[in-house]
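In what follows, a structure is listed as structure tokens, so that the remarks can point back to it.
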Amino acid sequence: MFVVDSANFPREQRDVAEIMFDILGDKYLSKSAKSILVVCNKQDLTMAKSQSVIKSQLEKEINTLRVTRAAALQGQDGGSTSTALYIGKKGKDFEFGHVLPMKVEFVECSAKGEADGEADVTAVEKWLEKIA
């Protein structure tokens with residue numbers, strides 16, 4: 001699971017994208033993890049971004065990172081012993097649907113809950129049941 005603060009996402013989207021990029025590009029993780037759940041938390045707050053907005057913005061940021069990191073690697077001398085994979089499809093803008101064999105899913109939740117104190121983590125529970 002990868003938890004995102006939906007309310008603070010606009011300020012943190014570059015940092016979140018960099019971490020996600022590293023996770024998705026790790027060749028060891030890609031062999032062992034078949035599914036990643038991106039949990040868009042704090043949906044109880046009025047300024048929270050929806051899962052579709054977060055997914056779209058992450059795709060744009062990861063696409064930019066893919067281009068800039070590839071250019072940086074080309075500028076270095078010698079061979080690379082990198083543990084990173086190319087994520088997505090070459091020649092196309094990045095989309096989470098292109099990250100195969102790993103499946104990336106997005107859900108919304110509120111771990112704190114509304115005023116009554118009840119947390120809304122049903123989507124997370126369903127995902128955990130599915131992968132267990």
| query | Quick check: anything in the range 115-132 under 14 Å from the mean Cα position of the chain (by Cα), surrounded by 18 or more Cβ atoms within 10 Å (Cβ to Cβ), at pLDDT 85 or above and under 23 Å from Asp5 (Cα atoms)? | reply | no
| said: For the range 1-26, give me each residue that is under 18 Å from Val124 (Cβ atoms) and outside any helix (DSSP H, G or I). | reply: Met1, Phe2, Val3, Val4, Asp5, Ser6, Ala7
| query | Do any residues in the range 86-104 that are on the phi > 0 side of the Ramachandran plot have Cβ atoms under 6 Å from those of residues that are hydrophobic (A, V, I, L, M, F, W, C) and assigned to a loop (DSSP other than H, G, I, E, B), where the two are at least six apart or on different chains, and which pairs are they? | reply | Gly88/Phe94
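Matching residues to (1) acidic (Asp, Glu); (2) at pLDDT 95 or above; (3) in a loop (DSSP other than H, G, I, E, B):
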position: Tyr28; (1), (2), (3): no, no, no
position: Gln43; (1), (2), (3): no, no, yes
position: Val53; (1), (2), (3): no, yes, no
position: Glu61; (1), (2), (3): yes, yes, no
position: Thr64; (1), (2), (3): no, no, no
position: Gly78; (1), (2), (3): no, no, yes
position: Gly88; (1), (2), (3): no, no, yes
| task | Would you tally the residues in the range 5-20 being surrounded by 15 or more Cβ atoms within 10 Å (Cβ to Cβ) and out of contact with any Phe, Trp or Tyr (no Cβ under 9 Å at 6 or more places or on another chain)? | result | 7
| Identity of the residue in the range 94-109, of a type outside the set (A, V, I, L, M, F, W, C) and surrounded by fewer than 19 Cβ atoms within 10 Å (Cβ to Cβ), that ends up nearest to the chain's Cα centre (by Cα) | Glu105
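The values are calculated or read from the model by the stated rules, or taken from the named source; none is laboratory data. Worth saying up front: this structure is predicted, and the values here are computed from it rather than measured. Don't worry about glycine lacking a Cβ; one is built from the backbone with ideal geometry, like all the others, and counts go over all protein chains shown.
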